[in-house]
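Right, one structure below, let's go through it.
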Amino acid sequence: MKVLLILWLALLGSAASAQQVPYTFSILPLDNATHKVVYTAVVPVADASKDQLFSRAQEWSAQQVRDYKATELRNNQEVGVVRTRITRKKGQEAYTYAVSVSVKDGFYKYLITNILYTEPDYLRVGKYSTGPTTTSIEKIVYTRPSKYRDQKLTEVDAHAKKIINDLIQTMLHKPTDDLATQW
């Protein structure tokens, strides 16, 4: 009886200690309400008007079209919104990000959502496949943890942070004076 009591207390203690460390199942930021991956932030830019920030956002969008496969979805200067869909390829795999930049006087807000992952058809060996398959990244987020899953989520996170870094650098860009360039 004493042995059973000791074993029961040991199991109870190990279960309690296991619950103290929360399980982190995704490195990607998840929205608490929708349970979708969302990268967003409001960034202040001192001494920048809405029109200046809008033109910088358009410049950034045009740069993405040159550097990656990107599509400008909608630009609305009256509202101050630039929307772009960016696709980054890695071999036969592709990651697609829907990016929205909203501008106001003195700050802008970026929003990256609807991240899609396209896997090549050779990943499904032994199954009939007509070509690549595209799914939302949440399908990978909510699967069983594995090295493959962690690798894909790390790649998605690295790409998203690169997009954000490029955006921040372009939005903080201050035009140079003509006199400074002449010297």
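Each reported figure results from applying straightforward, stated rules to the coordinates on display, with no laboratory input. Model, not experiment: these values are computed from the prediction.
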Would you kindly derive the ³J(HN,Hα) couplings of segment 99-107 from the backbone phi angles with the Karplus curve 6.51 cos²θ - 1.76 cosθ + 1.60 (θ = phi - 60°), listing them in order in whole Hz, with x for Gly and Pro? 10, 10, 10, 10, 10, 9, 4, x, 7
Give a residue-ordered list of calculated ³J(HN,Hα) values for segment 134-142 (Karplus: 6.51 cos²θ - 1.76 cosθ + 1.60, θ = phi - 60°; whole Hz; x for Gly, Pro). 10, 9, 6, 5, 4, 4, 6, 4, 9
